[in-house]
């Protein structure tokens with residue numbers, strides 16, 4: 001590149017390169033998220049206001065983050081084209097650059113809280129959920145402290161707190177996924193209905209499908225963030241690309257979980273989706289003609305399975321209900337009930 005020294009050219013490749021690649025991927029994933037948000041509001045109009053507002057906030061936060069991403073590219077590559085030293089200084093002089101890792105951590109934490117509520121619905125054990133939640137809180141606080149050290153240009157301290165943050169995120173995601181799967185498997189052993197067993201099996205598979213992408217990216221983020229300590233510190237800048245993408249993967253995992261309810265419900269019922277919200281079009285979750293709608297309070301998308309044996313004895317096993325809906329499936333004896341005004345249930349007779 002004319003006009004800059006070989007050292008600055010290397011900095012351009014290792015600093016602006018990962019930022020450009022990560023931001024482009026982030027904007028592409030925002031398009032994916034946009035489709036997921038539209039599908040959610042089309043497919044699940046009967047979800048409660050709390051869940052719908054939660055999704056709306058997630059959408060707004062991700063739009064703001066994508067706006068920040070685009071603006072940073074414009075500043076780096078247009079306003080200060082070729083001035084790599086100025087671009088590097090922005091990490092301590094521009095609030096939007098200094099706070100970028102913290103914004104990412106807040107978005108990650110928002111989705112992690114959602115998945116913690118799912119684990120609570122499955123386990124109903126505070127001593128299971130609380131340590132994992134505390135781990136995520138520690139990860140957020142670590143990034144708050146790390147942001148402070150970014151502002152005062154203490155590179156060693158930044159590396160240490162990034163390690164604390166990303167290690168907590170990786171460990172928390174793995175423990176959360178394994179624990180959720182454990183309680184789902186434990187529930188599966190208690191049911192007698194084939195449909196219910198298939199339902200829980202789908203939830204177990206979904207748990208790892210949604211957790212894997214974010215966990216893998218967080219792991220690579222951790223690895224490259226520690227390259228600053230090695231004899232090739234420039235490789236540490238590669239973590240910028242992974243860090244930019246991470247919040248979008250978390251958001252996609254949450255929306256995929258919510259939108260998968262339609263597919264899982266259809267598979268378990270053995271029916272074909274008709275398409276409309278009332279079972280006659282292509283816009284929403286639906287079943288065959290035997291499906292009868294019923295009204296429930298959709299504030300919480302989590303529920304429990306009620307297993308009724310041949311002797312009419314009843315056992316209650318809590319499980320994540322990924323497919324909160326206003327439908328009941330009479331032909332398969334899998335129906336949505338409302339044991340209280342805040343929790344959806346799936347009754348298997």
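In terms of the Cα gyration tensor, with a ≥ b ≥ c the square roots of its eigenvalues, is region 6-269 rounded because a/c is under 1.5, prolate because a/b exceeds b/c, or oblate? Please list the in-between numbers first.
Values: a/c = 2.45, a/b = 1.80, b/c = 1.36.
Prolate, because a/c is 1.5 or more and a/b exceeds b/c.
Take residue 81 and residue 42, extend 7 Å from each Cα along the Cα→Cβ direction, and tell me the distance between the two endpoints in nm.
3.9 nm
Using alpha-carbon pairs under 8 Å, 6+ residues apart, how would you state the relative contact order of region 6-269 in percent?
That works out to 29 percent.
If I model a spin label as a point 7 Å beyond the Cα along the Cα-Cβ vector, how far apart are those points for residue 125 and residue 208 in nm?
2.1 nm
Output the relative contact order of region 106-213, whole-number percent, from Cα pairs under 8 angstrom with separation of 6+ residues.
25 percent
Residue 5 versus residue 71, label points 7 Å from Cα toward the beta carbon: distance in nm?
3.3 nm
Can you tell me the length gained on complete extension of the stretch residue 267 to residue 182, counting 0.36 nm per residue apart and subtracting the Cα distance?
Computed gain between residue 267 and residue 182 is 28.3 nm.
If R₀ is 45 angstrom, what is the calculated FRET efficiency for the pair residue 152 and residue 194, using the beta carbon separation as r and rounding to 0.05?
Efficiency, rounded to the nearest 0.05: 0.15.
Residue separation times 0.36 nm, minus the C-alpha to C-alpha distance between residue 53 and residue 35: what's the value?
4.8 nm
Give me the extension gain from residue 171 to residue 13: residue separation times 0.36 nm, minus the current Cα-Cα distance, reported in nm with one decimal.
Extra length from residue 171 to residue 13 when fully extended: 53.7 nm.
Coordinate-derived values only; no laboratory data. This one's a predicted model, so the numbers in the text were calculated from it and none came from an experiment. All Cβ positions, even for glycine, are placed from backbone atoms using ideal geometry, and neighbour counts span all protein chains on display.
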